[in-house]
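Just below is one structure, and these are the notes that go with it.
Rule-based calculations on the coordinates, nothing more; no lab input. Everything numeric in this text was worked out from a predicted model, so none of it was measured. Neighbour counts are summed over all protein chains in view; Cβ atoms, including those assigned to glycine, are modelled from backbone coordinates with ideal geometry.
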Amino acid sequence: MRIAAAADIHASEVSAERVVRAFADLRGEADVVLLAGDLTTSGEPEQAEVIAGACRQLDVPIFAVLGNHDHHAERTEELAEVIGGAGVRLLDRECATCHVAELELGVVGAKGFVGGFPGSALPDFGEPLLRGVYAETSAEAEAIASGLQAIVHCDVRVVLLHYAPVVDTLEGEPPGIHTYLGCDRLATPIAENGADLVLHGHAHAGSFEGGIGEIPVYNVAVHVTGRNFWIFELDGSGVRRGGEVVEVREPPA
């Protein structure tokens, strides 16, 4: 199973030609496409049309989550309509499945949210606005748990986020902003329920690879990978045995 993944595409009318070409280059190279948020520059439906047009070129399942840039214009319902109209399954605290040859893939999709990591984490205490932030992250974590439990039967299980669930993939970002780049509470349901692969973006200056125990976590922001897409090749039985990505490679130049 070949999964092409990317995050932080930040599509706009200005970048339309580049985005369309990047998706066109995927034809024949991937069985599934996963988009880990920040599909648009500032969350305008016209920018989502760029992504939609690019996705229409492909005849493989495409799953996506939204990121903070996609929320900026407060027009996420319109974005969902545009992107969904191109056949993309937009996941918001949801899960979905598809078959690739003899394997069933299950994808849990959630934006994730902020909160920080040990040594610098927001508590569930104090002013209502801050407690609201804590509650939002809790809701994301609960959705990840429910989704993983719903796809427990799948041969391959992937968690698709925008915010980081581990600090490993934030290496390179200033420690002072780690609290705003993700939260380790997103990792708890993954550790408890298991997954074969976790993908996220958001941390443009972060690192590519991390882990939740033996579960591999990858930051697929295009700024980190240096590629339009990164392709992960997974074998169902192999991933199940070791919880590892069998091969990670770059698509052809």
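Write out the GluC sites (Glu not before Pro) in segment 100-196 meeting two conditions: DSSP loop, and at most 11 other Cβ atoms within 10 Å of their Cβ.
Sparse-neighbourhood loop GluC sites (Glu not before Pro): Glu102.
Under a point-charge model restricted to the Cβ atoms of Lys and Arg (+1) and Asp and Glu (-1), what is the dipole moment magnitude of the chain relative to its Cα centre, in debye to the nearest 20?
Dipole magnitude for the chain comes out near 200 debye.
Any idea how far apart Ser15 and Ala135 come out in nm if each label point goes 7 Å out from Cα toward Cβ?
3.4
I need the peptides 194-206, 71-83, 123-135 ranked by packing, meaning the mean over residues of other C-beta atoms within 10 angstrom, with the highest value on top.
194-206, 71-83, 123-135
Using a ≥ b ≥ c from the Cα gyration tensor of segment 1-64 (square roots of the eigenvalues), is it rounded, prolate or oblate, where a/c under 1.5 gives rounded and otherwise the larger of a/b and b/c decides, a/b for prolate?
prolate
Between segment 173-221 and segment 57-120, what is the C-alpha centre distance in whole Å?
Cα centroid to Cα centroid, the span is 16 Å.
Rg and Dmax of segment 2-249 over Cα atoms: what are they, in angstrom?
Every Cα atom of segment 2-249 included, Rg and Dmax give 16.8, 53 Å.
Once every DSSP H run of n ≥ 4 in the chain is given -39500 (n - 2.57) and the sum is divided by its residues, what mean residue ellipticity at 222 nm do you get, rounded to the nearest 500 deg cm²/dmol?
Roughly -8500 deg cm²/dmol at 222 nm, from the helical runs in the chain.
Would you mind telling me which residue in Asn68, Asn228, Asn193 has the biggest mean-square fluctuation in a Gaussian network model of the chain, where springs connect alpha carbons within a distance under 10 angstrom?
Result for the chain, Cα springs under 10 Å: Asn193 fluctuates most.
Could you give the Stokes-Einstein D for segment 20-145 in µm² per second, using the C-alpha Kirkwood radius, 37 °C, 0.692 mPa s?
In µm²/s, the coefficient rounds to 205.
Can you tell me the order of 3-11, 175-183, 43-51, 85-93 when each peptide is scored by its average per-residue count of other Cβ atoms within 10 angstrom, highest first?
Ranking, from highest mean packing down: 3-11, 43-51, 175-183, 85-93.
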